1. For S215, which of the numbered conditions (1) modelled with pLDDT of 95 or more; (2) surrounded by fewer than 21 Cβ atoms within 10 Å (Cβ to Cβ); (3) more than 13 Å from the ligand (Cβ to nearest atom) fails to hold?
2. Restricting the search to the stretch 225-240, which residues are of a type in the set (S, T, N, Q) and more than 20 Å from the chain's Cα centre (by Cα)?
3. Residue under question is D206, and the condition is that it be open to solvent by 20 Å² or more (accessible area, probe 1.4 Å), within 16 Å of the ligand (Cβ to nearest atom), on the phi < 0 side of the Ramachandran plot and not in a loop (DSSP other than H, G, I, E, B); does it hold?
4. Check K225 against each of (1) open to solvent by less than 80 Å² (accessible area, probe 1.4 Å); (2) basic (K, R); (3) within 16 Å of the ligand (Cβ to nearest atom) and name the one condition it does not meet.
5. If you scan the stretch 231-263, which residues turn out to be in a loop (DSSP other than H, G, I, E, B), open to solvent by 40 Å² or more (accessible area, probe 1.4 Å) and out of contact with any helix residue (DSSP H, G or I) (no Cβ under 8 Å at 6 or more places or on another chain)?
6. Among residues belonging to the stretch 287-322 that are within 16 Å of the ligand (Cβ to nearest atom) and among the basic types (K, R), point out the one that is nearest to D137 (Cα to Cα).
7. Pairs please, first residue from the stretch 174-196 and within 13 Å of S215 (Cβ to Cβ), second anywhere and near the ligand (Cβ under 9 Å from one of its atoms) and among the acidic types (D, E), Cβ atoms under 9 Å, 6+ apart in sequence or on different chains.
8. Name every residue in the stretch 203-227 that is among the small types (G, A, S) and over 27 Å from Y24 (Cα atoms), in order of residue number.
Amino acid sequence: MTSILTKLKTVAKQVLRPEQKAKYITEFAYDSLPWIDKSDADIDAFVKQFPAAKELPYDLGEKLLFWRENGYVILGQAIPTEWLDQLWREIEELIEHHEKYQTQVRIDLPEYQANPVQPVKDVPKSVLNGPFLKFNDFHDNSVIGKKIMLHKNIVTFLEAVFGDKVIAMQSLLFKYGSQQPTHQDFAYVVSEIPSHLAAAWIALEDVHIDSGPLSYYPGSHKIKKFDFGNGIFFNGKSTLNPNDFAKYLDAACQRAGLKKKTLLIKKGEVLIWHAALAHGGEEIRNPAQTRKSYVCHYSSEKAYKHHRQSPTTEPVRRTMNGADVFVNPTMPDQEDIFDQGKMM
Ligand SMILES: O=C(O)CCC(=O)C(=O)O
């Protein structure tokens, strides 16, 4: 099995400013926090001057209050299920005719330890259909993937959280539970302002208890940050590793009296979590039980100005509902090749 250390080293996309790299950082800089994480956050005043609040199927003020206290929100039936079915049909096509496609997958099986990231065309169908695999950035290839990622129910909430335009950074698609140890995303997915990060976990089917559901500690976004030996971000210079991170987080949450919750949401429902919410994937108790899910990571316009694979070029943007996602500069011919979502 690929060590979690190697796995996360590859996943981490560091786009830190030089001065951040040089510093031994032990906490987010207070001045750089999104307004809602500051001590003087006035949610009522914010909602009054945020016109999009009226267009949402939920009470934005209530959700923002819950977010500030708990570090997450759940949106009930936020995404049309036909969109989710279309996305999954595309994944089935990707697997069935994998030899035609360049989409990358991450495989955490012993035989892929040396090269865990591969284009789907080089991976057998049996592996693509199995556990320990995730599809990376499928939204690059898919119009419906982008539409779900930038759905107004998600991005309007995040625009309110950041107080800034939302930029979608990356996505992961799972057929089975990840079984990933407890972590906080800011340590691995780093934008220019590390606290400007959030993620959406979108259920593509009803989550079964035996499928290795996502678990999370409400309130854990406020606990003291873990020190990897070189600060709070995990990178090549860290002396401690993701297993140490998980041990620290589980113990610190227990000490703080925070109770772990298991995410058993229905198809079309969404969990949105804070950059520092401690979460992970539970053990899969029934290996036949799928847990189809789509995870999207977001930042703000202030914090994510360039595509992570091309930090010096001006990104080509796709805009929906006031939020952007950047076209993948490394595979322009693969962009939106799954375009049925245009009709939806
Ligand atoms: O879905 C899961 O099991 C874990 C996903 C996750 O932790 C992440 O993408 O940060």
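The values are calculated or read from the model by the stated rules, or taken from the named source; none is laboratory data. Fair warning: this is a prediction, and the values are worked out from it, not measured in the lab. With ideal geometry, Cβ positions are generated from the backbone for all residues, glycine too; neighbour counts draw on all protein chains shown. Quick note on the areas: whole protein, heavy atoms, side chains included, nothing else; ligands and nucleic acids left out. Shrake-Rupley method; radii C 1.70, N 1.55, O 1.52, S 1.80 Å.
1. (3)
2. Those that are of a type in the set (S, T, N, Q) and more than 20 Å from the chain's Cα centre (by Cα): N230, S238, T239.
3. No, not satisfied.
4. Unmet condition: (3).
5. K237, T239, L240, G257, K259
6. R308
7. Listed by first residue and then by second, the contacts come to G177/E282; Q179/E282.
8. Filtering the stretch 203-227 down to residues among the small types (G, A, S) leaves 203, 211-212, 215, 219-220.
Once the filter is applied, which keeps residues that are among the small types (G, A, S) and over 27 Å from Y24 (Cα atoms), the stretch 203-227 yields A203, S211, G212, S215.
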